[in-house]
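Participant: Here you go, one structure.
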Amino acid sequence: MVEAKTVAKLSLSILLIVVMIIGVYEYRSPKEPSPEMAILPWGPTVIGYIFFALLSGGIADSAIIHTYLEKNKASRVLLGRSLYTALAVLVPGIALVFSDILHPENAAWFYRGFNPLSRIAWNAVLYLLYGGSLLLLLLVLARSRGDVDKPLAKLLALLVLATSVTLEVNLGMAYGVNIAVPAWYGLYTGILFVVAAFTLGSAWELVTSRKPESIDAEDYRKLARSYTWENFYSTIILALVVFWSLLALYSWGLSAPLVVEITRGSISPYFWVSYILLALIIPLVSTTTYLLEKTSRNTLRITLALQVLGIAILLLVPFNFAGQYLRIEQNPLYRQLAIRIEGEITSSQLLNNYLYSPEILAFIGALGLWLLIQTIGEKQLPIQPPRRNTRT
Amino acid sequence: MSRRVYMIIDMNSCTNCMACVVACLRENIARQTDQGVVLPRDSILYARTKPVYIDKWSGLPPGTPLFIQCQHCENAPCEAVCPTSATYRDDKGVVRLDTNKCVSCRACIIACPYGARSLYHGRLEGEPPNKYGLKPGFPDKCNFCAHRAEKSSSGRWVTACVEACAFNARIFGYEDDKQVREIIENGKAIKLFPTYGTKPKLLYIPPSRSRGGR
């Protein structure tokens, strides 16, 4: 019989998928045509698929590093499950890619008309390589009953690691190559995305994973501590990258107003509350206290769930929105265009349009796809470690 | 490299009569249906040449009228970022969009420093006015009336905006045409945002004095 918990998960996932479908439909078939895409072309859906790709890459990277480099006992047993989770969060990301592009019927041209200068063209290749190698590695592990030491498994793990990190950098550089958007222009976007991926991956594993019966409690505790250390370090590195990039942008005159807007303007609550408080201070305190064995795993779970939310908001507002808004402020042609479209423009008005859009529903609802695939996988597929024989 | 086409807008001759904008709308945007001519709401935002007035820009007098439109850059950032090669330069250097390849990822809109791309996100009745006319959901842009170029056997054509200008404020031709060459060589015409290194082929002759904005 199906457990009540599973039924609840499946019901929630279906509800979220309905929300996603409504969001995608409303986004793709607007009642009132808006010319706003000329000034704010990349909406929340773009960050949606980036978020899921970073999350997936982060989960896979962490699991592979803990398994093969750290040789963590529990991680070796749980590798299949972690990789399945990485695949399950990649699916909503890919669904959002196809929701975002307005002419998916031409998607074959990503490959047929491949433009080697375009970062997005490389993303299309890297999504395929990363997703494909992840799937192959899962199949190899399933066929060998989770034998992580098979040479083919090791080779594929290396490929997954290489392609996911390259995808993370490349997703960032799809922003960083744009000289016309001063706030994004530069290498920092690629670095930011890699560090964000590691932070998200370790946080997600600590939030969502539970100890399977078959694993020794001490081994599992060691793995949880490894993930906690990873999250602690990556949170600190993320903070350094964020502050370094803000300093670099401030010292580069063109982007200085962005830093002022983010730290003191109408966007500042999203930076101070979402990033500084939820994604930086609270996780650092909770991981430290957990490592000192002063807080419980449940407290850690709650605070790291907030961190995931905080990073999503950091990417959505101070990064994606603010970069495009600064261009409107600074580029006289975009400013005039925006005035023609919106009348008198303010950041809060544009931010309202950006946040209260169906795209946000699509982003939130996409979590339903992950939950559905994860729940089905955990029940139906051989991704869980085998139960220990309790008979004596 | 084959001969490149250039457009030069002389802001001293331009009277802001908007005939070029209307001509562009009629040529590339307006659709004929059984119920009459259909234009997108706020149609001026979808004209491939959009008039604006610049208050502050170094080197230009306040209130300078300019037109937001594709600058047909030789180093086009939109072409570089296009993942499907849907944005390309043809043999005359005209930056074009192939809607059969475009997925509408909007990377070109992000990459363009000139705000030259507009996207109609909605439905439109009827058929586009020409085979390269505005189609919903694509990052639309000026293509120097490519459909007219295709019909020309001599390789010479005029764009709708040039044809409509009663004051000869718009000059259009090949780089080695006498009038175009002289303007390029005498240095009176400026390129917008030269520091980006985009090498635009749309040049402006700035007004010699301020006119004040509208």
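The values are calculated or read from the model by the stated rules, or taken from the named source; none is laboratory data. Fair warning: this is a prediction, and the values are worked out from it, not measured in the lab. So basically every Cβ, Gly included, is an ideal-geometry build from the backbone, and we count neighbours across all protein chains shown. When the accessible area is computed, the model is the full protein with side chains, heavy atoms only, and any ligands, DNA or RNA have been set aside. Shrake-Rupley method; radii C 1.70, N 1.55, O 1.52, S 1.80 Å.
Participant: Taking both sides together, what accessible area is buried at the A/B interface, probe 1.4 Å, expressed in Å² and rounded to the nearest 100?
Facilitator: The A and B chains share an interface burying roughly 3900 Å².
Participant: Which of the trypsin sites (Lys or Arg not before Pro) found in the stretch A:229-326 are loop residues per DSSP with 14 or fewer other Cβ atoms within 10 Å of their Cβ?
Facilitator: A:294
Participant: Something else now. Suppose R0 equals 25 Å. What FRET efficiency, 1/(1 + (r/R0)^6) with r the Cβ-Cβ distance, do residue A:108 and residue B:154 give to the nearest 0.05?
Facilitator: Calculated value: 0.10.
Participant: Something else now. Between B:79, B:185, B:27, where does the largest GNM mean-square fluctuation fall for chain B, given springs only between Cα atoms within less than 10 Å?
Facilitator: Of B:79, B:185, B:27, the most mobile in the Gaussian network model is B:185.
Participant: On to the next question. Given a 1.4 Å probe, how much area per residue of chain A is accessible, in Å²?
Facilitator: 43
Participant: Report in % the part of the accessible area of the stretch A:85-142 that belongs to carbon and sulfur, leaving out ligands and nucleic acids; probe 1.4 Å.
Facilitator: Result for the stretch A:85-142: 77 percent of the exposed heavy-atom area is carbon or sulfur.
Participant: Name the cysteines of the protein assembly as shown that stand alone by the Cβ rule: no other cysteine Cβ under 4.7 angstrom.
Facilitator: B:14, B:17, B:24, B:73, B:82, B:102, B:105, B:112, B:145, B:165
Participant: Looking only at other chains, what is the average number of their beta-carbon atoms within 10 angstrom of each beta-carbon in A:107-119?
Facilitator: Mean shielding count: 6.
Participant: If you don't mind, there's one more thing I want to ask. Explain nothing, just the number: dipole magnitude of the stretch B:1-77 about its Cα centre with +1 on each Lys and Arg Cβ and -1 on each Asp and Glu Cβ, in debye rounded to the nearest 20.
Facilitator: Dipole size: approximately 120 debye.
Participant: Projected area of the stretch A:160-294, taken from the Cα convex hull and averaged over every viewing direction, in nm²?
Facilitator: 9.8
Participant: Using amide H atoms built 1.01 Å from N in the peptide plane, name the residues 5+ places from residue B:68, or on other chains, whose amide H lies under 5 Å from its own.
Facilitator: Excluding prolines and chain starts, which carry no amide H, the hits are B:50, B:52.
Participant: Further question on the same structure: Where does the longest stretch of chain B lie that holds no chymotrypsin sites (Phe, Trp or Tyr not before Pro) found in a DSSP loop with 16 or fewer other Cβ atoms within 10 Å?
Facilitator: The answer is B:58-166.
Participant: Determine the residues within the stretch A:84-105 where the difference in accessible area between the chain on its own and the full set of protein chains amounts to at least 30 Å²; count protein heavy atoms only and use a 1.4 Å probe.
Facilitator: Residues of the stretch A:84-105 that lose at least 30 Å² of accessible area once the other chains are added: A:101, A:102, A:103.
Participant: Would you grab the residues whose amide H sits under 5 Å from the one on residue B:38? Only those 5+ places off in sequence or on another chain, please, with H modelled 1.01 Å from N.
Facilitator: Amide H to amide H, under 5 Å and 5 or more residues apart or across chains, residue B:38 pairs with B:31, B:32, B:33.
Participant: What's the carbon and sulfur percent of the stretch B:88-182's accessible surface, probe 1.4 angstrom, rounded to a whole number?
Facilitator: 45
Participant: How many percent of the accessible area of the stretch A:261-372 is carbon or sulfur, using a 1.4 Å probe?
Facilitator: 66
Participant: Okay, next question. Calculate the tail of P(r) for chain A: the fraction of all Cα-Cα distances greater than 34 Å, expressed in %.
Facilitator: In whole percent, the share of Cα-Cα pairs in chain A beyond 34 Å is 29.
Participant: With a cut-off of at most 11 other beta carbons within 10 Å, and DSSP calling the residue loop, which trypsin sites (Lys or Arg not before Pro) in the stretch A:118-154 qualify? Please list them.
Facilitator: Those satisfying the criteria are A:145.
Participant: Divide by every residue of the protein assembly as shown the summed helix terms, -39500 (n - 2.57) for each DSSP H run of at least 4, and state the resulting mean residue ellipticity at 222 nm, rounded to the nearest 500 deg cm²/dmol.
Facilitator: -16500 deg cm²/dmol
Participant: Run the simple label-point estimate for residue A:14 and residue B:91 please: 7 Å along Cα→C-beta, distance reported in nm.
Facilitator: 6.0
Participant: Using 7 Å Cα-to-Cβ label points, what is the residue A:297/residue A:21 separation (nm, one decimal)?
Facilitator: 3.7
Participant: For the stretch A:114-125, what does the Karplus curve 6.51 cos²θ - 1.76 cosθ + 1.60, with θ = phi - 60°, yield as ³J(HN,Hα) per residue in whole Hz, taken in order and with x for Gly and Pro?
Facilitator: In residue order, the calculated couplings are 3, 10, x, 7, 8, 5, 5, 4, 5, 4, 4, 6 Hz.
Participant: Further question: The stretch B:83-105: which residues show an accessible-area loss of 10 Å² or more, assembly versus chain alone, 1.4 Å probe?
Facilitator: Those residues are B:83, B:84, B:85, B:100, B:101, B:102, B:103, B:104, B:105.
Participant: Hey, what do the phi angles of the stretch B:18-24 turn into as Karplus ³J(HN,Hα) couplings, whole Hz, using 6.51/-1.76/1.60 and θ = phi - 60°, x for Gly and Pro?
Facilitator: Taking θ as phi minus 60°, the curve returns 6, 4, 5, 5, 4, 4, 5 Hz for the stretch B:18-24.
Participant: Here's another thing I want to ask about it. Determine the residues within the stretch A:160-189 where the difference in accessible area between the chain on its own and the full set of protein chains amounts to at least 30 Å²; count protein heavy atoms only and use a 1.4 Å probe.
Facilitator: A:178, A:179, A:180
Participant: Counting other C-beta atoms within 10 Å, and keeping those with at most 13, which DSSP coil trypsin sites (Lys or Arg not before Pro) do you find in the stretch B:78-183?
Facilitator: Answer by residue number: B:123, B:131, B:156.
Participant: For the cross-link pairs B:92/B:135; A:9/A:379; A:71/A:150; B:50/B:141; B:50/B:151; A:5/A:379, which exceed 18 Å when the distance is taken from alpha carbon to alpha carbon?
Facilitator: With Cα atoms farther than 18 Å apart: B:92/B:135; B:50/B:151.
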